[in-house]
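Input: a single structure, listed below in structure tokens.
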Amino acid sequence: MTAPILEVRGLVRRFGGVTALNGLDLTVRRGTVTALIGPNGAGKSTAFQCISGVIRPDAGQVVFNGQDITGARPDRVTRAGLVRSFQIARGIPRLTVFENLLLYGPAQPGEGLASAILRGPAARRREEELRERARAIAARLNLARVLDNPASALSGGQKKLMEIGRALMAEPKLLLLDEPVAGVNPTLAAEIAQHIAHLRDEGMTVLVVEHHMDFVASLCDPVIVMAEGRLLAEGDFQSIASNHQVQEAYMGRRVHA
Ligand code: ADP
Ligand code: MG
């Protein structure tokens, strides 16, 4: 069996008196679309932030692709191939979709458009590669038609797709998606699920936080459930849905919400 792409061990993160992560262990196997679910306040977003280097854990370890990246800064984590897309699509509104994608090509210091032109053929070739990559990603996400439109003119669902596209520009081995279909209509949610399934079929690994259980049921295996900052259960959707502890964790929260 090949080593998992991501191993999180004993992750702890406190915010003042609140313990958001309380010894979280989780493993993501290669080639899966793994869901991370749990009631509000379970610590899912904090887990994503610790894994992607946005915040540092107080204790514990994050091993990605055999490399200890605990506490590493986001740019280093991204370069290692672990790329996070944000819950709120945040492209730069006045730039076109194409330009938004280009901004997130693999980071190469000094390789902006201007320096590429000044620095001659090799750099220009690289710039052309990035453009090709942006076009290919737009085509696969059904964004080719709107490539030259400003990002501000996109529908909500198209913004979500552009956000996934931006993450893909960074050539991820593991893609973290925080609520990729929140606020999206069911038709488009199904389309986004298909795009993610295709990425998986091509060998990418995806870890996704999502509240829409139709989406999780149709796409994700395994499903990891968090509650109160730690792992509560893991299994396929059916076993999770019929798990009493999981049901209680959701109920308990709803009562207090
Ligand atoms: P989830 O994404 O599962 O809803 P979060 O990771 O956002 O959960 O939050 C876990 C707990 O940590 C919650 O009690 C939340 O209020 C708290 N928390 C998260 N981020 C912060 C922060 N920046 N400052 C203070 N408390 C936070
Ligand atoms: Mg959250």
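Coordinate-derived values only; no laboratory data. From a predicted model like this one, the values you see are computed outputs, not experimental measurements. Positions of Cβ are backbone-derived with ideal geometry, glycine not excepted, and every protein chain shown enters the neighbour counts.
Work out how much length Met251 to Asp25 would gain on full extension: take 0.36 nm times their residue separation and subtract the Cα-Cα distance, in nm to one decimal.
Using 0.36 nm per residue and subtracting the Cα-Cα distance, I get 79.1 nm.
Rounded, prolate or oblate, given the Cα gyration tensor of segment 175-214, with a/c below 1.5 counting as rounded?
Oblate is the answer for segment 175-214, as a/c is 1.5 or above yet b/c matches or exceeds a/b.
Name the residue farthest towards the positive end of the dipole of the chain from the options Ser85, Val54, Leu232, assuming +1 on Cβ of Lys and Arg, -1 on Cβ of Asp and Glu, about the Cα centre.
Val54
Note the angle between two axes, namely the Cα long axis of helix 244-256 and the longest principal axis of the Cα atoms of the chain, as a number of degrees from 0 to 90, rounded to the nearest 10.
80
Per residue of segment 222-234, what does 6.51 cos²θ - 1.76 cosθ + 1.60 with θ = phi - 60° give for ³J(HN,Hα)? Whole Hz please, x for Gly and Pro, Karplus curve as stated.
In residue order, the calculated couplings are x, 10, 9, 10, 9, 8, 6, x, 9, 6, 9, 7, 8 Hz.
Among the GluC sites (Glu not before Pro) in segment 159-238, which ones are in a DSSP loop with at most 11 other Cβ atoms within 10 Å of the Cβ? Mind listing them?
Glu202
Calculate, in whole percent, how much of the Cα-Cα pair population of segment 111-253 lies beyond 23 Å.
Tail of P(r) above 23 Å: 48 percent of Cα pairs.
Output ³J(HN,Hα) for segment 141-149: one whole-Hz value per residue in order, computed from phi by the Karplus curve 6.51 cos²θ - 1.76 cosθ + 1.60 with θ = phi - 60°, and x for Gly and Pro.
9, 6, 10, 4, 5, 10, 4, 9, 7
Residues of segment 1-44 with the amide nitrogen closer than 17 Å to a label point 7 Å from the Cα of Ser239, along Cα-to-Cβ, please.
Within reach of a label on Ser239: 26-30, 32-37.
Ratio of Rg to Rh for the chain, alpha carbon only, Kirkwood?
0.99
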